[in-house]
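Q: Sharing a structure with you now.
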Amino acid sequence: MTLIVVLAVAAAVAWYLQDRQRPGAGSSADARARHLRTPLVRLADLMGIKTTQGALATRSEIGADGERRTAARLRVLQSQGWTVLHDLGLPTGQANLDHLAISPGGVVVLVDSKLWSSRYTLSVVGGRLRHGTRDVTDRLNGLRHETRVVARVLGCPVIPLVSMDGAPIDGPQLIVDGIRIVPADDVVQALRAISRGRTATGPHPAERAVRLLHPHGAKRR
């Protein structure tokens, strides 16, 4: 049996045995990576051949790792009465929410995990977000959209927050068009500061969030 055949069989077996999507932080990104790594892409990986799908799969895997890191950091809040949900689907469309944190007082914060290259510093110049010299403001568009949708679903204000892994931040935090960006190690401190002294009016949104926002990929009723 030639080496190529052996590699092809190994790639096919790996694809066949891959786990199905499991609920939890990073599950959607992991599922995207598995979908992209078809047997042919896996074979190319084993042979050291770079492919567009392979690169996209790697990016999804990096994103999933960032989400799991954030989830581990947020775990401490759950023991303090917070409701923390991960990898939720929106009622319509294919977008997913990385993390939803709801304080005991009912303050809702949508936390978006990002894991960007540490080679470049994040800064705000003229109201625009820059990663090094590159304008990356539009990479916050998804979070803006998700925040609006979640606020409409829950019927209450929702605060967007980016937990940034990797890329250093020019200052303790950045604010771009109302979106806070904090170092990942400071995300719990930032959430406590946001919720301090605030109490939401009306019914507590946690029950509504659990009832209406399901794990991404789950069947909608």
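Q: Given the criterion without any contact (Cβ under 8 Å) to a residue 24 or more places away in the chain, over 18 Å from V153 (Cα atoms), surrounded by 18 or more Cβ atoms within 10 Å (Cβ to Cβ) and not basic (K, R), identify the matching residue among V188, V182.
A: The conditions single out V182.
Q: Have a look at D87, D98 and point out the one that is on the phi > 0 side of the Ramachandran plot and surrounded by 20 or more Cβ atoms within 10 Å (Cβ to Cβ).
A: Going through D87, D98 in turn, the sole match is D87.
Q: Moving on to the next point. Just to verify a result, which residue in the range 67-84, among those that are of a type in the set (A, V, I, L, M) and modelled with pLDDT under 95, is surrounded by the fewest Cβ atoms within 10 Å (Cβ to Cβ)?
A: A72
Q: Could you tell me how many of the residues in the range 138-170 are in contact (Cβ under 8 Å) with a residue 40 or more places away in the chain, of a type outside the set (A, V, I, L, M, F, W, C) and over 21 Å from H214 (Cα atoms)?
A: The qualifying residues number 5.
Q: So V107 passes all but one of these: (1) surrounded by 22 or more Cβ atoms within 10 Å (Cβ to Cβ); (2) out of contact with any helix residue (DSSP H, G or I) (no Cβ under 7 Å at 6 or more places or on another chain); (3) over 27 Å from A167 (Cα atoms). Which condition number does it fail?
A: Only one criterion is unmet by V107, namely (2).
Q: Somewhere in the range 194-216, is a residue among the hydrophobic types (A, V, I, L, M, F, W, C), within 21 Å of the chain's Cα centre (by Cα), under 24 Å from R73 (Cα atoms) and assigned to a loop (DSSP other than H, G, I, E, B)?
A: Taking every residue of the range 194-216 in turn, at least one turns out to be among the hydrophobic types (A, V, I, L, M, F, W, C), within 21 Å of the chain's Cα centre (by Cα), under 24 Å from R73 (Cα atoms) and assigned to a loop (DSSP other than H, G, I, E, B).
Q: If I filter the range 186-197 down to residues being out of contact with any strand residue (DSSP E or B) (no Cβ under 9 Å at 6 or more places or on another chain) and of a type in the set (D, E, K, R), which single residue comes out as modelled with the lowest pLDDT?
A: R196
Q: If you scan the range 110-128, which residues turn out to be surrounded by fewer than 22 Cβ atoms within 10 Å (Cβ to Cβ), part of a strand (DSSP E or B) and not hydroxyl-bearing (S, T, Y)?
A: L115, V124, V125, R128
Q: Mind checking which pairs have a first residue in the range 199-218 that is closer than 13 Å to I102 by Cα and a second that is among the acidic types (D, E), Cβ under 6 Å, 6 or more apart or different chains?
A: Final answer for the pair search is none.
Q: Quickly run through the range 138-175 and pick out the residues that are part of a strand (DSSP E or B) and under 18 Å from the mean Cα position of the chain (by Cα).
A: Within the range 138-175, V158, I159, P160, L161, V162, S163, M164, D165 meet the criteria.
Q: Assuming M47 fulfils every condition listed in (1) at pLDDT 70 or above; (2) over 29 Å from L212 (Cβ atoms); (3) touching a Lys or Arg at 6+ places or on another chain (Cβ under 8 Å) apart from one, which condition is it?
A: All conditions pass for M47, except number (3).
The values are calculated or read from the model by the stated rules, or taken from the named source; none is laboratory data. Bear in mind that the values here come from a model prediction, so they are computed numbers and not experimental data. Here the Cβ is made from the backbone with ideal geometry for all residues, glycine too, and neighbour counts use every protein chain on show.
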